[in-house]
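In what follows, a single structure is set out as structure tokens and then discussed.
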């Protein structure tokens, strides 16, 4: 941020800091008596559960940046208690859509600015109605009523001059400044917390910095447009998986234009016959494995709002705002972990967790961790497919990491989230699917075949 801009923003940031502190103090004052009552009536666990619920409510009251931060922190089960992560995972964007008048103004502003440097291919902007010309949105039709609304953006149906139906993801006016300010406050709070005795020795600032980068990535629509195009290429080899095509000439830094996919409904799969549901499950799981083990480019947020099934048998993947690229080393370690897990080699799995960690506490018990982690893998390998739960496995693994002082790399935690998020949907489609057996052919391609991308 330039010095002049920083000076201009400093008073507004100070006002926001006071507001955040006042909200925390007010809601904290209400939470303490309730926590005490729950402790007296139901014991320590009831008090802790109440406190976690109040903390989640606080994040929702503080606004979009805190909601997004909570959603990302809820993935860090290696650092935070499982009960808190469960509560944070329930955080949802609950924001009214932008009004038609604000939408018209935002659209004019987006296309009044200079076009992007290019789309996924880096090419210059061009189109039937000269989308690079200031003030000329390249749409023959545009529905000002949003078909979907989130804290960062709203999605509108539109049509290009040639008649192709497109979805336009338009960033909310002013949201970038608001979220950057709030994330700056969160980073400052983390630096203070890192000095408090209970948090010493924990990777507080690293976890928060990674979380902030993940949230900021969801504001960068130029990056997301490129990520969608890359995701489309990544998943092209997987049968029956569809990622909408981006129209880079029509995109701008605050606007993504992609193919419109009609009639998407999260309830579609429930009305399909069992054989089709099993194919859905296999395709969705294979798509995640393709990302994790073959290309290393991973969509980390495949919740039901970003994962759909169509009546003609397609799996549709949307919204690549929360995506990461694994280094080739971490991609191979991730794949090697799953291959050894699928064959029951627990000790090697435990060693990989240590190899991939970002560090250990000074009092870490490495041998104790290796023994317990190996036992977890060997017990899980012996379970029938219907009884194996990836979520339960990950929860116990993260608990072991916390207890024995092994700090996991964020680059591995976030991709693992893609599997944890999708497990429930896959199990609903096919309760008997074998996660480990389904992984084996993709693991072989990732470790021993030619790597795509």
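Quick note: the coordinates plus some simple rules give every number you see, no bench work behind them. Being a predicted model, the structure only gives us computed values, none of them experimental. Don't worry about glycine lacking a Cβ; one is built from the backbone with ideal geometry, like all the others, and counts go over all protein chains shown.
Taking a quarter of the surface of the Cα convex hull of segment 269-448, what do you get in nm²?
On the way: hull surface 40.1 nm².
Here the figure is 10.0 nm², rounded to one decimal.
Inter-label distance, residue 428 to residue 46: 3.2 nm, where each label sits 7 Å from its Cα along the C-beta direction. Taking the fewest neighbouring Cβ atoms within 10 Å as the starting point, the ordered list for 233, 249 is 233, 249.
If you look at the Cα atoms of the chain, you get an Rg and a Dmax of 23.1, 69 Å.
What does the convex hull of the alpha-carbon atoms of segment 188-258 project to on average, in nm²?
7.1
Distance between the pseudo-spin-label points of residue 95 and residue 312 (7 Å out from Cα toward the beta carbon): 3.3 nm.
Here the label points at residue 447 and residue 195, each 7 Å from Cα along the C-beta direction, are separated by 4.7 nm in the simple model. Peptides 264-277, 157-170 ranked from most to least packed, by the mean per-residue count of other Cβ atoms within 10 Å: 157-170, 264-277.
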